[in-house]
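As structure tokens, the structure follows; a few thoughts come after it.
The values are calculated or read from the model by the stated rules, or taken from the named source; none is laboratory data. Since we're looking at a predicted model, the values are computed, not measured. Here the Cβ positions follow ideal geometry from the backbone for every residue, glycine too, while neighbour counts run over all protein chains shown. Just so you know, the surface numbers come from the protein's heavy atoms only, side chains and all, with ligands and any DNA or RNA stripped out. Shrake-Rupley method; radii C 1.70, N 1.55, O 1.52, S 1.80 Å.
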Amino acid sequence: MLALLFTAGGTTANETGGEWLSYRDAYRAMVVFEKYGRPKNFLQNHFQVMLKEKGVLGEDVQLSLLGKASSLSLPLDPTGRAVFPLLKAAYDDNATLSLTRNVAQYVFRARVSIVVRSDGVYETSDLRAACEQALTYLRHVDASARTLRCSGVRLSYQRKSADPVVRLRNGSGDVALLAVADGATFRDDNNEGFRVVNYRFGDHADKAQLVTQSAPLAIAPLLE
């Protein structure tokens, strides 16, 4: 997916034993979504730490925001995403983002995904609208996304858990179990340690529901 990519602001070891990148660079990338004025009610935006090479992001990879007067831990989920704080004080302070790994091995980006529902029930018409919102936003930040089209959504789960159960319930009440495969959460992500379920819009009418037995880690738009 063609979101905002940015590189490390430095490769200097710090007191945490890791390396750093510029909070200001990350802030500038992340604030674009906050200022975006078109519909985005189905979307959320995270800061993602992404592997440059294929593999599995280790649980010991940690991200912190370090300022002159304070520090803040930014927990990463298994997909490498963190909730990013937009703090003017940290921006003015020229704070840094510290990673407990060699930053040259990672890519840092703003990552848009679809909001996970607490009840586990998704109208397929809403999922189509969510995918279109994501694509419209990506076209706003990256002109090369204009060649992409929405084809569906992907739900991802941790591989160490039991196989996810995702059912499609159509308008006549028929229920089908969707296939599960190994793969990455996002189209361009090298972190492949997940079980994924794809729902493609072309396969079924919009008057249906996806019903999940457990909450996915993430829901990504399928753009092709």
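For region 149-167, enumerate the residues that are at pLDDT 95 or above and of a type in the set (A, V, I, L, M, F, W, C). C150, V153, L155, V165, V166 - these are the residues of region 149-167 that are at pLDDT 95 or above and of a type in the set (A, V, I, L, M, F, W, C). Of all residue pairs spaced 6 or more apart or on separate chains, those with beta-carbon atoms under 8 Å, a first member in region 75-94 that is over 28 Å from G58 (Cα atoms) and a second member that is open to solvent by less than 40 Å² (accessible area, probe 1.4 Å) and part of a loop (DSSP other than H, G, I, E, B) are A89/G67; D93/G67. Confirm whether R146 is outside any helix (DSSP H, G or I) and either of a type in the set (F, W, Y) or more than 21 Å from N41 (Cβ to Cβ) (or both). Against the criterion (outside any helix (DSSP H, G or I) and either of a type in the set (F, W, Y) or more than 21 Å from N41 (Cβ to Cβ) (or both)), R146 does not qualify.
Across region 192-206, a minimum of one residue is classified as in contact with a Lys or Arg (Cβ under 8 Å, 6 or more places away or on another chain), of a type in the set (V, I, T), closer than 21 Å to F42 by Cβ and not assigned by the TED database to the domain that holds L51.
So V83 passes all but one of these: (1) at pLDDT 95 or above; (2) open to solvent by less than 80 Å² (accessible area, probe 1.4 Å); (3) β-branched (V, I, T). Which condition number does it fail? So V83 meets the others, but not (2).
Criterion applied to V121, V141, V166, V107 was being surrounded by fewer than 18 Cβ atoms within 10 Å (Cβ to Cβ) and touching a strand residue (DSSP E or B) at 6+ places or on another chain (Cβ under 7 Å), and the one residue passing it is V121.
Exactly one residue out of A220, A179, A162, A129 is touching a residue at least 40 places away in the same chain (Cβ under 8 Å) and either touching a helix residue (DSSP H, G or I) at 6+ places or on another chain (Cβ under 6 Å) or outside any strand (DSSP E or B) (or both), and it is A129. Checking each residue in region 169-200 for being polar (S, T, N, Q) and crowded, with 20+ Cβ neighbours inside 10 Å picks out T185, N191. If you filter region 60-80 down to residues that are hydrophobic (A, V, I, L, M, F, W, C) and under 22 Å from I114 (Cβ atoms), you find that the one that is surrounded by the fewest Cβ atoms within 10 Å (Cβ to Cβ) is L74.
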